[in-house]
Amino acid sequence: MYQLSFSIEEFLTHYWQKKPTIIKGGFSNFSDPLSPDELAGLTMEEEIDSRFVSNLDDNWVAEHGPFPEEKFAELAETNWSFIVQAANHWHPEAAELVKAFDAMPNWLFDDLMISYSVQGGGVGPHIDQYDVFIVQGLGKRHWRVGALDEGQYKETCRHSVLRQIEGFEPIIDDVLEPGDILYIPPGFPHDGYALQPSMSYSVGYRSPKQQELLSNFADYVLAHDMGDHHLHNPAQETQETKGVIQDKDLSQLKAMLKNSLNDEATLDKFIGCLVSQSRHQLDIVSAEEKWTPEELQGYLQEGGAIERVSGLRAYYHENNPLTAYVNGDVVTVEESQQELIHTLCDQSVIIWDDIDNSGDAGTALDILSDFVNRGYWFTHE
């Protein structure tokens, strides 16, 4: 089990979205959750998002996986990296690392990105728009971080899929060793390269952009057949100039739009559905043999457990603890089942005691058997 050596609460007070920092020994006696060979194996899988980046002789190359096994036999000795996005979705031991950050708001968590680099390997100077904790594993990596981007940095195009900047003056210039953590808020340029074969674990957090909220809300309105009405004005009057939109008409059109955005119940449901959907593919496999509620009850009463698929997101709103949002699905229960909603969202593993204490075991088993059959939770058999 991974445990941080510092207080998340104090970190949030002094650093979160304020300034970058290095936490030496953020993990004591850090042990890598997977080997470079295991990471390479993940890059060969079709469903896993992976990349290869090389900068040998300042010639930048970037490729997307999956990669054939032969790829690894032809690599140079220096200046390349393999990167796997959402590794926590596919590697249980890697997912354990993320649990160390459970005190953070989980709905902001995006994914665990893992990179393996040989000497000189990196992705170049760039700026991200999300918060990230970069945990150093195997080896050492030299990191430089610059001041907050206020328009002073110039983008450069060394490769079509790499968004880099020309350079920056560092405010942090240091070497990370195993267990050290570098925190970088959004908008701070950074550049890291391996001094020796190196593993890095990037625990990323991001909120939706305003553009994403508006775009996805429009899709939500259409998908739920909402707002299907026009402006009606039975008291319409003539106007002297044909090119003008009168203030009263403009006000009514704006009111139609504002009314959609002022529907609190709709917005709550939309946001719950949106943030409970992962941006990365999940390892969801529907059960081949469907479970009945009675079969699931017997399995759990005999000491079995069901576990949520790693990376699958489940949340409830503080103002409505009777509705859960699970991978974009909405689950609403009676007041007696509030404990079940909390269990679904707060725990990754469910045992019989959780069902027995839920207030209505029958309803709980109906809901959970459906989720198991859909592959959202799985049994240990």
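Can you go through PRO20, PRO33 and tell me which one is under 18 Å from ILE181 (Cβ atoms) and touching a helix residue (DSSP H, G or I) at 6+ places or on another chain (Cβ under 7 Å)?
Numbers: PRO20 fails: touching a helix residue (DSSP H, G or I) at 6+ places or on another chain (Cβ under 7 Å).
Going through PRO20, PRO33 in turn, the sole match is PRO33.
Residue check: is TYR116 crowded, with 20+ Cβ neighbours inside 10 Å, in contact (Cβ under 8 Å) with a residue 12 or more places away in the chain, at negative phi and not small (Gly, Ala, Ser)?
Details: crowded, with 20+ Cβ neighbours inside 10 Å: yes; in contact (Cβ under 8 Å) with a residue 12 or more places away in the chain: yes; at negative phi: yes; not small (Gly, Ala, Ser): yes.
In short, yes.
With farther than 23 Å from ILE355 by Cα and hydrophobic (A, V, I, L, M, F, W, C) as the only criterion, which of ILE245, ILE341 stands out?
ILE245
What do you reckon, is THR21 farther than 20 Å from SER115 by Cα, surrounded by 15 or more Cβ atoms within 10 Å (Cβ to Cβ), at pLDDT 95 or above and assigned by TED's automatic domain parsing to the domain that holds ASP191?
Details: farther than 20 Å from SER115 by Cα: yes; surrounded by 15 or more Cβ atoms within 10 Å (Cβ to Cβ): yes; at pLDDT 95 or above: yes; assigned by TED's automatic domain parsing to the domain that holds ASP191: yes.
In short, yes.
Just for the range 106-134: of the residues that are in contact with a Pro (Cβ under 8 Å, 6 or more places away or on another chain) and polar (S, T, N, Q), which one is farthest from ASP32 (Cα to Cα)? Steps first, please.
So in the range 106-134, the residues in contact with a Pro (Cβ under 8 Å, 6 or more places away or on another chain) come out as 116-119, 125-131.
With the extra rule that they be polar (S, T, N, Q), the set shrinks to 117, 119, 129.
Working: SER117: 14, GLN119: 18, GLN129: 27 Å.
Across the range 106-134, the extreme among qualifying residues is GLN129.
Report, by residue number, each residue of the range 120-152 that is among the β-branched types (Val, Ile, Thr) and over 18 Å from ASN79 (Cα atoms).
Step one: list which residues in the range 120-152 are among the β-branched types (Val, Ile, Thr), which gives 123, 127, 132, 134-135, 145.
Those that are among the β-branched types (Val, Ile, Thr) and over 18 Å from ASN79 (Cα atoms): ILE127, VAL132, ILE134, VAL135, VAL145.
Among the basic types (Lys, Arg) and free of Cβ contacts under 8 Å to residues at least 40 places away in the same chain: which single residue out of LYS290, LYS242 fits that description? So that I can check it myself, show each step before the final result.
On the way: LYS290 fails: free of Cβ contacts under 8 Å to residues at least 40 places away in the same chain.
Matching residue, one of LYS290, LYS242: LYS242.
Looking at the range 299-350, which of its residues are among the small types (Gly, Ala, Ser) and either surrounded by fewer than 20 Cβ atoms within 10 Å (Cβ to Cβ) or more than 17 Å from ASP366 (Cα to Cα) (or both)?
Within the range 299-350, the first condition is being among the small types (Gly, Ala, Ser), and the residues that meet it are 303-305, 310-311, 314, 324, 328, 336, 348.
Passing the criteria: GLY303, GLY304, ALA305, SER310, GLY311, ALA314, GLY328, SER336, SER348.
Give me the strands (runs of 3 or more DSSP E) completely within the range 1-92, filtered to those with at least 1 residues that are more than 22 Å from GLY120 (Cβ to Cβ), ordered by residue number. Give the derivation first.
Details: elements: 21-23, 50-54, 61-64, 80-84.
Result: 21-23.
Is at least one residue of the range 103-122 touching a Lys or Arg at 6+ places or on another chain (Cβ under 6 Å), assigned by TED's automatic domain parsing to the domain that holds HIS64, closer than 21 Å to LEU12 by Cα and not in a loop (DSSP other than H, G, I, E, B)?
Taking the range 103-122 and keeping what is touching a Lys or Arg at 6+ places or on another chain (Cβ under 6 Å), we get 110.
From what's left, assigned by TED's automatic domain parsing to the domain that holds HIS64: 110.
The next check asks that each one be closer than 21 Å to LEU12 by Cα; those that pass are 110.
Checking the rest, the ones that are also not in a loop (DSSP other than H, G, I, E, B) come to 110.
Yes: the range 103-122 contains one or more residues that are touching a Lys or Arg at 6+ places or on another chain (Cβ under 6 Å), assigned by TED's automatic domain parsing to the domain that holds HIS64, closer than 21 Å to LEU12 by Cα and not in a loop (DSSP other than H, G, I, E, B).
One line per residue, one yes/no per condition, for (1) modelled with pLDDT of 90 or more; (2) in a loop (DSSP other than H, G, I, E, B); (3) among the β-branched types (Val, Ile, Thr); (4) on the phi < 0 side of the Ramachandran plot:
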site	(1), (2), (3), (4)
ASP149	yes, yes, no, yes
ARG158	no, no, no, yes
GLY167	no, yes, no, no
ILE172	yes, no, yes, yes
TYR183	yes, no, no, yes
PRO186	yes, yes, no, yes
GLN196	yes, yes, no, yes
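List pairs: first residue in the range 208-231 and farther than 13 Å from CYS273 by Cα, second residue of a type outside the set (A, V, I, L, M) anywhere in the structure, Cβ distance under 7 angstrom, at least six positions apart or on different chains.
From the range 208-231, the pairs are GLY227/SER260; LEU231/GLN252.
Is it the case, given these coordinates, that ALA147 is more than 22 Å from LYS19 (Cβ to Cβ), surrounded by 15 or more Cβ atoms within 10 Å (Cβ to Cβ) and either touching a residue at least 12 places away in the same chain (Cβ under 8 Å) or within 15 Å of the chain's Cα centre (by Cα) (or both)?
no
Does the range 351-377 hold any residues that are crowded, with 16+ Cβ neighbours inside 10 Å and within 10 Å of ALA305 (Cβ to Cβ), and which are they?
TRP352, ASP354, TRP377
The values are calculated or read from the model by the stated rules, or taken from the named source; none is laboratory data. Quick caveat, the model's predicted, so the values are computed rather than measured. Heads up, the Cβs are rebuilt from the backbone with ideal geometry, glycines too, and the neighbour counts pull from every protein chain shown.
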